[in-house]
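The values are calculated or read from the model by the stated rules, or taken from the named source; none is laboratory data. Worth saying up front: this structure is predicted, and the values here are computed from it rather than measured. Heads up: the accessible areas ignore ligands, DNA and RNA and are worked out on the full protein's heavy atoms, side chains in. Shrake-Rupley method; radii C 1.70, N 1.55, O 1.52, S 1.80 Å.
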Amino acid sequence: MPDLAALADEHLTAAHAAPHGRSAHLVVHDGVLRQTVIALTAGTSLDEHNAPPAASLQVLRGRVNLTAAGRAEEMRAGGLRMIPKERHGLTALEDAVVLLTAVND
């Protein structure tokens, strides 16, 4: 099993080198279950997109805003929450790394 701290370091470094300030790595793919490490540099966003049937977001490093339905919820390192069922987006308030767990049908 991969070391999440090492993956966070690796992908945050890659995000700084990437033109769009992002780097991602699929950690687990087992049938409908997927876990992805996503690194974002400060100010980088993932535009609003549709939600999978079930998902959670855990912040491994930094701070992010999870946006949905005109609301924004700040999440800090250590925070964990369900992803809203409606369209949502993510913005890094500072350099950040998150673990997205999703179940897709």
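Surface composition of the chain: carbon and sulfur atoms hold 53% of the protein heavy-atom accessible area at a 1.4 Å probe. Probing with 1.4 Å while keeping every protein chain in the model, the per residue accessible area of the chain equals 54 Å². Of the residues Val37, Val27, Val64, the one that moves most in a GNM of the chain with alpha-carbon contacts below 10 Å is Val27. Shown here: Cα extents along the principal axes in Å, derived from the displayed model; of the candidates (1) 40, 32, 19; (2) 32, 31, 25; (3) 77, 28, 27, it corresponds to (2). Among Leu26, Leu66, Leu57, determine the one that fluctuates most according to a GNM of the chain built with springs between C-alpha atoms less than 10 Å apart. Ranking Leu26, Leu66, Leu57 by mean-square fluctuation puts Leu26 first.
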